[in-house]
Amino acid sequence: MLLEKPTPTLRESRAVVLETDRLVLRQPTLADVKAIARVVGDKRVSVNLRRVPHPYTADDAISFVTTIAATIDTVFLVEHERAAIGLVGVSWENENAPELGYCFGVDHWGKGYATESARAVIDYAFEEFAIDELLSGARVLNPASRHVLEKCGFQWTGVELHRFLTLGSSTPVDRFKLERGVWASLKSWSSSTRR
């Protein structure tokens, strides 16, 4: 069943858990605060996230977990071998333009986890909600993140300036879009599909 957009009632009625070959994606809880603060608190991570301050503290992580529990955003904590390694999700801030975002601890960069988890969330978003496209972005100075989006089928749409809290200024961001038709044609993601 395709839903127009996620609703708080839907989120309360079932906790979604996504599994890939190597990863488990689940809703973050207050028990995950230390792990989230450890991942996001690394400045090498926070400089690539628009809405994240630096330093990022346990109090920031508590606020994040409690806030997303009360919103319609679809956020997953990514676990590998039962250890939290990152976050991935879809922001419904603009319900007509849901946006994919992700971040991973530095020790887990370059291992394919971002692509694997992004594909699972992309599949979930297109399978569960009546959306025509997903948007995303990556700092121009973050080619690894741009590469993840390209591997997931996103197409470059241009460059915009976005304000980043950690930087205290605006910086260029490559913007991307993944349309439902492109996603459907790439649906054979191989080992990264949801189970």
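The values are calculated or read from the model by the stated rules, or taken from the named source; none is laboratory data. Being a predicted model, the structure only gives us computed values, none of them experimental. Using ideal geometry, Cβ is built from the backbone for each residue, glycine included, and neighbour counts are taken over all protein chains shown. All accessible areas refer to the heavy atoms of the entire protein, side chains included, with ligands and DNA or RNA removed. Shrake-Rupley method; radii C 1.70, N 1.55, O 1.52, S 1.80 Å.
Identify, by number, the condition in (1) closer than 27 Å to residue 170 by Cα; (2) open to solvent by less than 20 Å² (accessible area, probe 1.4 Å) that residue 129 doesn't meet.
The number of the failed condition is (1).
What do you reckon, is residue 56 modelled with pLDDT of 95 or more and part of a loop (DSSP other than H, G, I, E, B)? Spell out the reasoning first.
Details: modelled with pLDDT of 95 or more: yes; part of a loop (DSSP other than H, G, I, E, B): yes.
Criteria met by residue 56.
For the stretch 51-68, does any single residue satisfy the condition of being among the acidic types (Asp, Glu) and open to solvent by less than 40 Å² (accessible area, probe 1.4 Å)?
no
Looking at the stretch 135-151 only, could you name the residues that are open to solvent by less than 40 Å² (accessible area, probe 1.4 Å) and either more than 16 Å from residue 98 (Cα to Cα) or in contact with a Cys (Cβ under 9 Å, 6 or more places away or on another chain) (or both)?
136, 139, 142, 145, 148, listed by residue number.
Just need a number here: residues in the stretch 98-120 that are among the β-branched types (Val, Ile, Thr) and within 17 Å of residue 146 (Cβ to Cβ). Spell out the reasoning first.
Step one: filter the stretch 98-120 for residues among the β-branched types (Val, Ile, Thr), giving 106, 115.
From the residues that got through so far, the ones that are within 17 Å of residue 146 (Cβ to Cβ) too are 115.
Residues in the stretch 98-120 being among the β-branched types (Val, Ile, Thr) and within 17 Å of residue 146 (Cβ to Cβ): 1 in total.
All but one of (1) open to solvent by 40 Å² or more (accessible area, probe 1.4 Å); (2) within 18 Å of residue 88 (Cβ to Cβ); (3) out of contact with any helix residue (DSSP H, G or I) (no Cβ under 8 Å at 6 or more places or on another chain) hold for residue 110; which doesn't?
(3)
Could you list, in sequence order, the residues of the stretch 131-171 that are assigned to a loop (DSSP other than H, G, I, E, B), out of contact with any helix residue (DSSP H, G or I) (no Cβ under 7 Å at 6 or more places or on another chain), over 19 Å from residue 187 (Cβ atoms) and in contact (Cβ under 8 Å) with a residue 24 or more places away in the chain? Spell out the reasoning first.
Of the stretch 131-171, the ones assigned to a loop (DSSP other than H, G, I, E, B) are 131-132, 140-142, 152-154, 165-168.
Then drop every residue that is not out of contact with any helix residue (DSSP H, G or I) (no Cβ under 7 Å at 6 or more places or on another chain), which leaves 140-142, 154, 165, 167-168.
Right, trim to over 19 Å from residue 187 (Cβ atoms) and you get 140-142, 165, 167-168.
Hits for the stretch 131-171 are 140, 141, 142, 165, 167.
On the basis of being modelled with pLDDT of 95 or more and surrounded by fewer than 18 Cβ atoms within 10 Å (Cβ to Cβ), does residue 158 make the cut?
yes
Quick check on the stretch 107-127: of everything there that is over 16 Å from the mean Cα position of the chain (by Cα) and assigned to a helix (DSSP H, G or I), which residue is nearest to residue 44 (Cα to Cα)?
107
Being farther than 12 Å from residue 23 by Cα and of a type in the set (Lys, Arg): is that true of residue 119 here?
no
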